[in-house]
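This report refers to the structure that appears directly beneath it.
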Amino acid sequence: MSEKINIKLKINGVFVTLEVLAHQNLLRALRDNYYWDVKCGCEVGECGTCTVLLDGQAVKSCTVLAAACDGHEIWTDKGLGLSTKLTARIQDAFVECGSVQCGFCTPGMVVAATDYLKNGGKPDRTAIREAISGNLCRCTGYVKIVDAIYKVAKDIEEGLL
Amino acid sequence: MMQKRNLKLVGNAVPRHDAAAKAKGEQLYSDDWTMPNMLYAKVLRSAYPAAILRGVNTKKAKALPGVHAVLTADDVPLNEDITKFGQMRDVGGGFEGLYKVLARGKIRSKSEAIALVAAETEEIAEEALKLIEVDYEVTEGVFDPREALLPGAYVVSSEDSSNEIMRTQVQCGDIEEAFKRCDVIIEDDYQTTPHEHAYIETEGGMGWLDENGVITLRVGVQVLEHYRTVAKIMGLPHTKVRNIGVPMGGGFGGKEDITVETYLALLIAATRRPVKMVWTREESMETHAKRHPEYLHYKTGATKDGKILAQEISIVMDGGSYTYLTPWVQMYSTYGAVGPYNVPNVHVQSVSAFTNNTFSSANRGFGGPQVNFACERQMDRIADALGIDRVELRRRNLMHNGDRLPTGFIPQGHIGVSEIMDKVEAELNKTKKPDRLPDGRKIGRAIAVGHMVYGRLTFMHDSSRVSIRIELDGSVTVRAGVPDLGGGQASVICQIVAEELGLDMEDVHAYIMDTHLTPLCGTTTATRQLYMSGNATLKATAIMKERLLPVASKLLGYPSENLAFGDHSIYLVNNPAIRIPFVTVVGHLSNDGGELETIAQFNAPFTEVPDLSDIKGQLNPDLTYTCHGVEVAVDEETGMYEILRLIAAVDAGKMINKNSCEGQMEGGCLYNAWWPTHEDLQWRNGITKANNFSTYYIPTAADMPDVETIIMESGGGLGPYGAKGVGEPSDNSIAPAVVNAIRDAIGTDMNLNKMPITPEKILAAIKARDSK
């Protein structure tokens, strides 16, 4: 069986030490430690539901080796929502706009939207669609997800956030 | 007509009760539950699509340290049963097929489960699978239902003597005589591919043995009532199996068949420990049911003034390895094959067959999209042959109120298909269609219509129960066994309770889908929850109102019939200033010993099992009508196309939740938009070659335009407030609209009738057109 190692990292603002398998991906390491808001949809980097911020950049956590995250910083949908105004606003917009159906892609979508907006993403539906094109959704047809991100982008543009 | 009422919540874009938890990452799904001492389980699937199972040796697997159970068919108390889907009666008549838990005798497909393993870790369980020795006698197999029906064909099952699952027909008028009077006859073959649900959450769940000896599961399923089958398989009373259901990360029909429940129960009983099983993406796509591939032959005859006189249709359905829902789906295909048109002379024959492919069962639309594709392709071709505008041809033949379906049944709900088609036509053609884009791509437009039932087959005698309890502080708990797969099935129930009792959404708490604690609502399938459980909810609130009103009447001094519920009060309709707080009335009712809790049941119309040799009369409660308009751009150099506009219209009867209703229309549109062209599972002799999202392409946000939804509210549905169901109808009529738009762009029908309609085929059609 595989070797276990300890990694130190900062998750959602808290320093933690996780015991992970040497070959394990970050998604599994997070879920094994009860970060249930990081969902598993395909485990090969195709669906995007496991998207988290790694050192401030959106990544599909199933494509990142957990051991390689030693000394790095991770933020998930839940942590971001509790700590940052931007993500909390995106989450609220998802609720208001009816962007949530089954909700399984939602945490990854919110992280992808956070990444887009904190990097100066504009209220531009085509650009928003491009920005979330790594995150699959089978329920919504994406319209109301784009609505929500557009709404927050507009708020930012108008200095409301 | 419905009485006009001022509705406060119903019809609005009310946030769903569970949306915030889902957005904030707090919603737990089937894979998000764990327990101390929990084991991990895996399934050994067949290595071959067709074989005879000679033996299974589990000795080495069992000896692997960390392995706690390895089970085969011999370990299952009742390995063979019939498939049930929550129906409260035994339907019989060939509708309930074999449910085999673990392989025995002939192996019918690669998805067949041979053995189950439970181990300390997932890795050990996977290792154990490799140590199980299976002795197969590999056989030839049959992979095309047309071949499976030929005399002498390889027989898929060891339990049946032929591959035929069901044969049935619908007829009316005199087809032979009618064709003689037709000026144009279009006759052709169509073919549809298996379709993958592609929910982002794969199948999974966990369970444990509780202190009362109850096998307790936490599994997200569309059919909670499978707990009865699990109990039967285990040799236990129904009371000893409980599923505390979990919201699903999408279902679309794919979680209608039993998934992990029986496997978990067997392993929990064998190990007396909590067990978890979650399927990988590849396992999910190779294993769960698909939309039936259909081979359709259509012969349509019309007069020169555009009246369709006759439709002769034959359908061969690929049922795959086991029966599951095939007969039910077949009813929908057979019954819906002529579309929402008034056709006086009809003959539809259908047959379904076993093959060694992955089994076919429910997939959003349930037999509707296949026939809708062929039927709407035919309509455009008839129009072109007659030189009549394609929308106009439809207009001359569409059903209206009072018209009969081919079985003779007159739908009771409003038939608004011509009204919504007019709206879509106006919207699509509000700008003149350009021939080409500046980049040279050809533009095509098309409109297609569809009809699809909501509510289950009436001979299943469907029912739903909902319970409400008013708390002493005036808040309300709704208990409903309604599996929520993401369509907002539970949230609309809360909305109805809040509306009827004059409360806010926040005042209503939903406790859903627990087989021991919630009344059974029946399946989240057949676009039935709003219709069935919505009506049961209305009945329950009516009972509570009848108890509360006399109390309020006494306190206010006005007759009950002059009082209404609103703003957390009961008030005088003519003078709303005269009011009493809801909570005060609740307090008085409680003081007087009144009942604060009730349960109500709604029954759908009941019919008997039809004569399959000549189906007549009512099969479903009612239908929902849709229309889709599409504009595409086709690159004639590559055969690639892009969807530029998607217009989705429905007569929803009455929208209960505006966001949820639009969300169904938008999502349904994308669900089937790429089915004819991109979503190809690449089945090759029983092997699913496209088994993940890098090979099976579902649309991303960048692939699609915004969906323009048009929702008509005729009030003519059988659901609460005159609502119709939209969940499944929303994906009907989009696929033919896409393909007909491609046809409109390239000006040839070649290669457009048999899915998958790949860019290569479109390009070949363009080249053939140009070489003429």
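The values are calculated or read from the model by the stated rules, or taken from the named source; none is laboratory data. This structure is a prediction, so every number in the text was calculated from the model and none was measured. Note that each Cβ is placed from the backbone with ideal geometry, even for glycine, and that neighbours are counted across all protein chains shown. The accessibility values were calculated without ligands, DNA or RNA, using every heavy atom of the protein model including side chains. Shrake-Rupley method; radii C 1.70, N 1.55, O 1.52, S 1.80 Å.
Cα centroids of the stretch B:345-372 and the stretch B:597-664: 17 Å apart. In the stretch A:138-161, burial by the other protein chains removes 30 Å² or more of 1.4 Å probe accessible surface, compared with the chain on its own, from A:Arg138, A:Cys139, A:Gly141, A:Tyr142, A:Val143, A:Lys144. Tally Lys/Arg at +1 and Asp/Glu at -1 over every other residue whose Cβ is under 14 Å from the Cβ of B:Ala310; what's the total? Computed value for this residue: -2. Based on the Kirkwood radius over alpha-carbon pairs, what is the Stokes-Einstein translational diffusion coefficient of the stretch B:288-375 at 37 °C with 0.692 mPa s viscosity, in µm²/s? Roughly 246 µm²/s, to the nearest whole number.
When the Kirkwood radius is taken over all Cα pairs of the stretch A:4-76, what Stokes-Einstein diffusion coefficient follows at 10 °C and 1.306 mPa s, in µm²/s? D = 135 µm²/s.
Give me the tail of P(r) for chain B as a percent: Cα-Cα pairs with distance above 43 Å. When all Cα pairs of chain B are counted, 30 percent exceed 43 Å.
Counting Cβ atoms of other protein chains within 10 Å of each residue's Cβ and taking the mean over peptide A:26-35 gives 1. Can you grab the distance from the C-alpha centre of the stretch B:222-272 to the C-alpha centre of the stretch B:708-731, Å, no decimals? Result: 32 Å between the Cα centres. Taking the DSSP beta bridges in the protein assembly as shown as the whole, what percent of them are antiparallel, to the nearest 5? Within the protein assembly as shown, antiparallel bridges account for around 80 percent of the total. Under the simplified labelling scheme, the B:Lys60-B:Ala768 pair shows an inter-label distance of 5.2 nm, with each label point 7 Å from Cα along Cα→Cβ. For chain B, averaging the sequence separation of C-alpha pairs within contact (under 8 Å, six or more residues apart) and dividing by the residue count gives a relative contact order of 16 percent.
One quarter of the surface of the convex hull around the alpha-carbon atoms of the stretch A:79-157 equals 4.5 nm², the direction-averaged projected area. Burial here means at least 30 square angstrom less accessible surface with every protein chain in place than with the chain by itself, probed at 1.4 Å; in the stretch A:84-110 the buried residues are A:Gln91, A:Val95, A:Val100, A:Gln101, A:Cys102, A:Phe104. Neighbours of B:Glu176, meaning other residues whose beta-carbon lies under 15 angstrom from its beta-carbon, give a summed charge of -1 when Lys and Arg score +1 and Asp and Glu score -1.
Across the stretch B:201-297, the convex hull enclosing all Cα atoms gives 111 Å³ per residue.
Considering only B:Ile698, B:Thr168, B:Ala426, and ranking their Cα positions along the charge dipole of the protein assembly as shown that arises from unit charges at the beta-carbon of Lys, Arg, Asp and Glu, the one farthest toward the positive end is B:Ala426. For B:Glu203, the residues whose modelled amide H falls within less than 5 Å of its own, excluding neighbours fewer than 5 places apart on the same chain, are B:Trp279.
Using the rule -39500 (n - 2.57) for each DSSP H run of four or more residues, divided by the residues of chain B, the 222 nm mean residue ellipticity is -8000 deg cm²/dmol. Of the peptides B:573-584, B:239-250, B:685-696, the order by per-residue mean of other Cβ atoms within 10 Å, starting with the highest, comes out as B:239-250, B:685-696, B:573-584. Buried surface for the A/B pair, taken as the accessible area of each chain alone minus that of the pair with a 1.4 Å probe, is close to 4100 Å² in total.
The mean sequence distance of close C-alpha pairs (under 8 Å, at least 6 residues apart), as a share of the length of the stretch A:4-76, puts its relative contact order at 39 percent.
Cα convex hull, chain A: 100 Å³ per residue, rounded to a whole number. Summed over all non-identical Cα pairs, the Kirkwood treatment of the protein assembly as shown gives a radius of 28.8 Å. Each residue of the stretch B:473-488 was assigned a 3J(HN,Hα) from its phi angle through the Karplus expression (A = 6.51, B = -1.76, C = 1.60, θ = phi - 60°), giving 8, x, 7, 10, 9, 9, 10, 8, x, 9, x, 9, 9, x, x, x Hz with x at Gly and Pro. Taking Cα centroids, how far is the stretch B:565-588 from the stretch B:1-72 in Å? Between the Cα centres of the stretch B:565-588 and the stretch B:1-72 lies a distance of 45 Å. Note on B:Asp160 and B:Arg228: with the Förster distance fixed at 25 Å, the Cβ-Cβ geometry gives a FRET efficiency of about 0.50. Taken residue by residue and averaged, Cβ atoms of other chains lying within 10 Å of the Cβ of A:40-49 number 6. Averaged per residue, chain A has 38 square angstrom of accessible surface, using a 1.4 angstrom probe with ligands and nucleic acids left out. Couplings 3J(HN,Hα) of the stretch A:54-71, computed from phi: 10, 6, x, 10, 6, 9, 7, 5, 6, 9, 10, 6, 4, 4, 6, 8, 4, x Hz, in residue order, whole Hz [Karplus 6.51 cos²θ - 1.76 cosθ + 1.60, θ = phi - 60°; x for Gly and Pro]. Pairs from the list B:Lys304/B:Lys772; A:Lys151/B:Lys24; A:Lys10/A:Lys60; A:Lys39/B:Lys689; A:Lys85/B:Lys658; B:Lys290/B:Lys689 with a Cα-Cα gap above 22 Å: B:Lys304/B:Lys772; A:Lys39/B:Lys689; A:Lys85/B:Lys658. The listed peptides B:337-349, B:118-130, B:429-441, B:285-297, ordered by packing as a protection proxy, come out as B:285-297, B:337-349, B:118-130, B:429-441 (highest mean of other Cβ atoms within 10 Å first).
The fraction of accessible area contributed by carbon and sulfur in chain B is 50 percent, rounded to a whole number (1.4 Å probe; ligands and nucleic acids excluded).
Here chain A has 51 percent of its accessible surface on carbon and sulfur atoms, given a 1.4 Å probe and all protein chains in place. Dividing the C-alpha radius of gyration of the stretch B:290-444 by 2.2 N^0.38 Å, with N its residue count, gives 1.19.
3J(HN,Hα) couplings calculated from phi for the stretch B:572-585 with the Karplus curve 6.51 cos²θ - 1.76 cosθ + 1.60 (θ = phi - 60°) are, in sequence order, 7, 4, 6, 8, x, 5, 8, 8, 9, x, 3, 5, 5, 5 Hz; Gly and Pro show x.
Within the shell defined by Cβ-Cβ distances under 9 Å, the residues around B:Tyr324 carry a net charge of -2, with Lys and Arg each +1 and Asp and Glu each -1. Relative contact order of the stretch A:15-161: 24 percent, from C-alpha pairs under 8 Å at least 6 residues apart in sequence.
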